[in-house]
1. If I filter the stretch 137-145 for residues that are within 17 Å of the chain's Cα centre (by Cα), among the basic types (K, R) and closer than 23 Å to T82 by Cα, do I get at least one hit?
2. Give the residues of the stretch 140-152 that are assigned to a helix (DSSP H, G or I) and over 12 Å from V97 (Cβ atoms), sorted by residue number.
3. Let me confirm something: among L32, L48, which residue is at pLDDT 95 or above and crowded, with 22+ Cβ neighbours inside 10 Å?
4. Failed condition for F72, given (1) under 20 Å from G95 (Cα atoms); (2) touching an Asp or Glu at 6+ places or on another chain (Cβ under 7 Å), with all others met?
5. For the stretch 180-195, does any single residue satisfy the condition of being β-branched (V, I, T), assigned to a helix (DSSP H, G or I) and within 30 Å of S38 (Cα to Cα)?
6. Hey, any hits in the stretch 70-80 for a residue that's at positive phi and touching a helix residue (DSSP H, G or I) at 6+ places or on another chain (Cβ under 7 Å)?
7. Determine, yes or no, whether A209 is within 21 Å of I57 (Cβ to Cβ) and surrounded by fewer than 19 Cβ atoms within 10 Å (Cβ to Cβ).
8. Can you name the number of the only condition in (1) in contact with a Gly (Cβ under 7 Å, 6 or more places away or on another chain); (2) within 26 Å of R68 (Cα to Cα); (3) part of a helix (DSSP H, G or I) that H137 fails?
Amino acid sequence: MTTTTAAPSTPKLSWVSALYIGGLHVAALLALYHGYFSWSGLALCLFLHWLTGGIGICLIYHRLLTHRSFTFRPKWIEYPMTMLGCMASEGGPLGWVSDHRRHHAHSDDENDVHTPSEGFFWAHMGWFLFVEDSSHHTPEYFQRWCPDLVKDPVHRFIEKTFILYPLALFAGLYLAGQWYGNLGMSWLVWGGFVRTIFVWHTTWLVNSATHLWGYRSHETRDDSTNLWWVAALTYGEGWHNNHHAFQTSARHGLSWWEVDPTYILIWTMQKVGLVYNIKLAKVRKAAAPASSLVSAATASVTPSGPRLLEEAV
């Protein structure tokens, strides 16, 4: 399959995205009011950061739906888990997966949806606010980049209704907080607004910071890096150069010091029988330098990019 894409056009402001993102940033400022602070609200913020960002985005949207690094047993489990990803307010599964697969196919060139060559702000969040004609989430765009998800009626339904899931979470937090002890606004502000902003700016760092700073363990055709502090904030996603070198691998932290909580969770789920068909990078530690490994293994380029020395286990 070819990976050519039409030359990008001048980006236009997406008013819906701008109003939603801007509105939640403003709403998160309510956290500055001491009357809305509670320890339970802060605990919810941290827990839901992991649940919607760590599980919903890093585990499900990224490693499962985009790269199919593992498989759930039974398969239907991935549907409610995908709804957790929607609660992170980063869009529906078809749009997120399509953009990310395109990123891998065109990493750091002019057709990358969030290349840092356009500046840190563009890579971090500008691409989400300003959309090029070639990046609109049309049926044709989905068919090109995620035909597997297009064939699934449940994922198509989740895509069409993705905005309902974060809104339902916001409403649930307020009602639960009121029931628990008149803490509705505290739980909504901290577990809803602040948590969403926290998830956005930590996961977006993978697009921006880990293509600008850090170290490279593998020769790849892009500028991806491994950055420990982004990995700490994103449950292992910051080992980004490793990921670009071994894109379908369920494990991103490949050295002993590269802690990867998302892979630890996948490994644990395998041990209890919830997942199988885990794909792992087969890294050669011996004589050949990284550049020779790349030249020997980059023959196959798909919408998910080059795959280097991977095996399914």
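1. Within the stretch 137-145 (the criterion being within 17 Å of the chain's Cα centre (by Cα), among the basic types (K, R) and closer than 23 Å to T82 by Cα), the answer is no, since none of the residues qualifies.
2. Here is the first cut: in the stretch 140-152, the ones assigned to a helix (DSSP H, G or I) are 140-145, 147-150.
Residues satisfying the conditions are E140, Q143.
3. L48
4. Failed condition: (1).
5. Within the stretch 180-195, one or more residues are β-branched (V, I, T), assigned to a helix (DSSP H, G or I) and within 30 Å of S38 (Cα to Cα).
6. No, that holds for no residue.
7. Working: within 21 Å of I57 (Cβ to Cβ): yes; surrounded by fewer than 19 Cβ atoms within 10 Å (Cβ to Cβ): no.
No.
8. Of the numbered conditions (1) in contact with a Gly (Cβ under 7 Å, 6 or more places away or on another chain); (2) within 26 Å of R68 (Cα to Cα); (3) part of a helix (DSSP H, G or I), the odd one out for H137 is (3).
The values are calculated or read from the model by the stated rules, or taken from the named source; none is laboratory data. Bear in mind the structure is a predicted one, so any value in this text is a computation, not a measurement. Backbone-built Cβ (ideal geometry, glycine too); neighbour counts: all protein chains shown.
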